[in-house]
1. Report, as an integer, the average count of C-beta atoms from other chains found within 10 Å of each Cβ along B:96-105.
2. Using the charge dipole of the protein assembly as shown (Lys, Arg: +1 at Cβ; Asp, Glu: -1 at Cβ; taken about the Cα centre), state which of A:THR182, B:SER364, A:LEU238 has its Cα farthest towards the positive end.
3. Find the Rg to Rh ratio for the range A:18-345, where Rh is the Kirkwood radius over alpha-carbon pairs and Rg uses the same atoms.
4. What residue among B:PRO402, B:ALA471, B:ALA484 has its Cα farthest toward the positive end of the dipole of the range B:391-491, where the charges are +1 on Lys, Arg and -1 on Asp, Glu, each on the Cβ?
5. For the charge dipole of the range A:18-345, defined by +1 on Lys and Arg C-beta atoms and -1 on Asp and Glu C-beta atoms about the Cα centroid, which residue among A:ALA291, A:ASN117, A:LEU157 has the Cα displaced farthest towards the positive pole?
6. Find, to one decimal place in angstroms, the Kirkwood hydrodynamic radius of chain B, where the mean of 1/r is taken over every pair of different Cα atoms and then inverted.
7. B:GLU458 to B:HIS372: FRET efficiency via 1/(1 + (r/R0)^6), r the Cβ-Cβ distance, R0 41 Å, to the nearest 0.05?
8. I want the local charge near B:LEU296. Using Cβ-Cβ distances under 14 Å, sum +1 for each Lys or Arg and -1 for each Asp or Glu among the other residues.
Amino acid sequence: MTLLISSPHAHGGDSIRANMLAVILALLPAAGVAVYLFGWLALFLIVLCMLACMATEWGCLKLMKRPTDRIGDGSAALTGLLLALTLPAAVPWWMALIGCVAAIVLAKQVYGGLGHNPFNPALAARVVLLISFPLHMTSWLMPMHAPMLIAIPPLNLYDFSTCWQLFWFGPEALGKGLDAITMASPLGHVKTEWSRGIGAIEALRNYDYSYLDAFLGREAGSLGETSALALLLGGIYLLARHTITWHIPLSFIATVYVLAALFNAVNPEHFAPPLFHVLAGGLVLGAFFMATDPVSSPVTPRGQLIFGIGCGILTWSIRTFGGYPEGVMFSILLMNCAVPLIDHYFRPRVYGK
Amino acid sequence: MLPALFERFGLNQLWPTGGFPGGVHPPEHKITADSPIIELPLPPQLILPLKQHIGEICAPLVEVGQHVLRGQKIAKSQGYVSASVHAPTSGTVVGVQDHAVPHPSGMGRPCLMIEPDGEDRPDESRAPISDYRNEDPALIRERIRMSGIVGLGGAVFPTFIKMLRDQRHPVQTVILNGAECEPYLTCDHRLMLEHAHDVLRGMDVIMHAVNAQNGVVAIEDNKPDAIAVMRGAIEAAGMDNVEVRTLPTRYPQGGEKQLIQTITGKQVPEGRLPLHVGVLCQNVGTAKAIHDAVCLGVPLIKRVVTISGDAVPNPANVCVRIGTPIPFVLAQCGLEDLNDVRLIHGGPMMGERLPRTHVPLVKSTNGILAFHRQSLYSEQAVEEPCIRCGHCVEVCPAGLVPNELAWHCRNDQFDRGQDYNLFDCIECGCCSYVCPSHIPLVHYFRYAKGQVAKIEKERAFAELSKARSEARDNRLAREQAERAARRSKVRKQHAPAADKAAKTAEKKTDEGKTGEGKTEAVKKEGDKA
Ligand code: SF4
Ligand code: SF4
């Protein structure tokens, strides 16, 4: 009650809930593309993850005897949606469920709940899954409408019962092996071809890679990461709404672009071109929606630039030299570790000093 | 255009573009911008706090039952940083007692009560200085000091002190602060519209008193009429060394340091005064008061106040005698029932909530806002955990990291708080305004500042008492030694063989001497303190 006398007596009207809902709204185009590409399966996964995360959060709050109406701030729902959008469409339901519990319990509540988690919960959960189930997490379901797949028609994912079977009982229920319905992502393909001594340009040629398809999203990948266009729409909305600032997305993507361009200029046969790096994998999703997670990113503008640049360098390095084809999520998690340090050393200039 | 774009995307945090970094745009709610200033009638009783400024409290000069004239000095300043109080009207002194004043603590402070006789007879002992341009600046400063003038923008620092001349740091530019960036408040705006001439003359007095070469009238671009009127008045007066500068509307544009940065492009270095960058800032209302004091011989006995807020039926700008009870003023604006109404003294961003309603209007009152309980944000806010969104960092005009700072303040880690520049916070409230988690950041900063001050006071006190007790110990030791020496002398005379005792005594005397030195050092310290 002592707070009552303290100014300011006005407020801009922003709230945690409004921010979380804005991010969910901004992810809707990408979710729409996911449904367009992966049909019912995408819908099942998104709904399951969102519900599971909210239920887990509710359970945690209940266990810790905290007010359960915190669930209404939308952060758990957002974590669920983000996690779903980073999953390959062919993961079994129980795997997604494990991811949700890991995200809420291991990556968020054990640290003290919203605001205290050092890592982005959705990303941390995805890493848990990737390390525990590497096969499933790198097998990309063949999407609908992908031009290079017109010759080999994939499963009809718009058919409810096919997806239902696939979702609950796995590909075996349809009498198929996992590898019969999945394919490599462009990044994965380049990495495998490299290991066989084939340069990036050649690899992309024999993959039938097209920039336009990558931009629109008609390629293999996680549910929500394929369409740069849909993600950009959401990202611009968040920028305009001032939920996120330009510092992290711009510095992140620009760093990847510049690094890729430099190496590509030196050896165009071996190193993949910059635009490919920008459109491939989870970069746009990561730069606009993961790295900008307020809790686990720096608070100061200069710190955010450093953070973005660090993410960019790590992403490109992991993709090019690392063991995994994709480096976005590792780089963000690694930079998350550096946030306290960045915040300490990159404070704004104090007036008059 | 470019600065606005820079600001929109937070670029001014990275590369300052002339304006100050950060800031917010709260809805303006300047509902009284078009209401002319109305003179309010005299209340049945006036309550004049003896301390309405930063500095020492005043000593009353009158007794209960004494009759006073309008403008008569009724309490004189004690000490250097102080400002005297004058009778706002003629009448009888009916009491000298503690009464609630506009302060968030709601505590009573010594006040003089005056019952107006309704005749409003002036004290004419102070002659106007109409030809101030040919007067000695020191005389003008003295007049300002005697007139009890303090900064009317809310800082209430005695004005004459700001106008002292320093040979090493001559003032080049006088900035007249007409930004009025707080929402709701329009008193300075109306003053510029209705008394442009007086305000400008007041500014001219200041410029003469500090020997400044030029003047800048700073007005936010949401007051185009005031800008036009002031430009016209400057032209009419032929003041070609004064210009009007249009500032972007952005809170806290009217903060002294922020204003200086916007106008001069320079920041006032830490621990320095505006003087050190060659600038003197005065508020529009202060300039008008200076005009009245110098050119009319009238001390500070009334001021313009904005009465607004959603609970006020007839919001207005009113000219009120200082000491008028606030409920009386509100009643004149149609607000009688103060139950379930929350009063803010000042603007919504920096104003203080009044825990008690029956308080007088004082020199620092630039606005009284009355809100229904439901519509006051600070009443409803529920604090949630910080999500580290960084919005507070973006908007902080002082360049602080409010979320970290609040964290340390809340956990009573004041050293860490000072490491995060606690004392550079100007309490503008921008950070709390944007915080999505509704964290009362400014509250934590105020709390920490108060605690640090308290701790420092206690430390000083402890050191003083330690010094005192040491001095006492030394004195006792010395006295004992002296006594012993005397005794041994006597013994020597009587029994020359007892030289063993004498040796000990001598040793003690030496000790006593060193002790004496110490005592003296401590004494000197004490004198300094
Ligand atoms: S604005 Fe509030 S929630 Fe955001 S970083 Fe600052 S204190 Fe934390
Ligand atoms: S109140 Fe203090 S910390 Fe908050 S924005 Fe203003 S100067 Fe910065």
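Here, each number is a calculation from the coordinates, and none is a lab measurement. Every value quoted in this text rests on a predicted model; they were computed, and no experiment measured them. Ideal geometry is used to build each Cβ from the backbone, glycine not excepted, and the neighbour counts take in all protein chains shown.
1. So the per-residue partner count for this stretch is 1.
2. B:SER364
3. 0.96
4. B:ALA484
5. Positive-end residue among those listed: A:ASN117.
6. Computed over chain B, the radius equals 26.0 Å.
7. It comes to 0.45.
8. Taking every other residue near B:LEU296 into account, the sum is +1.
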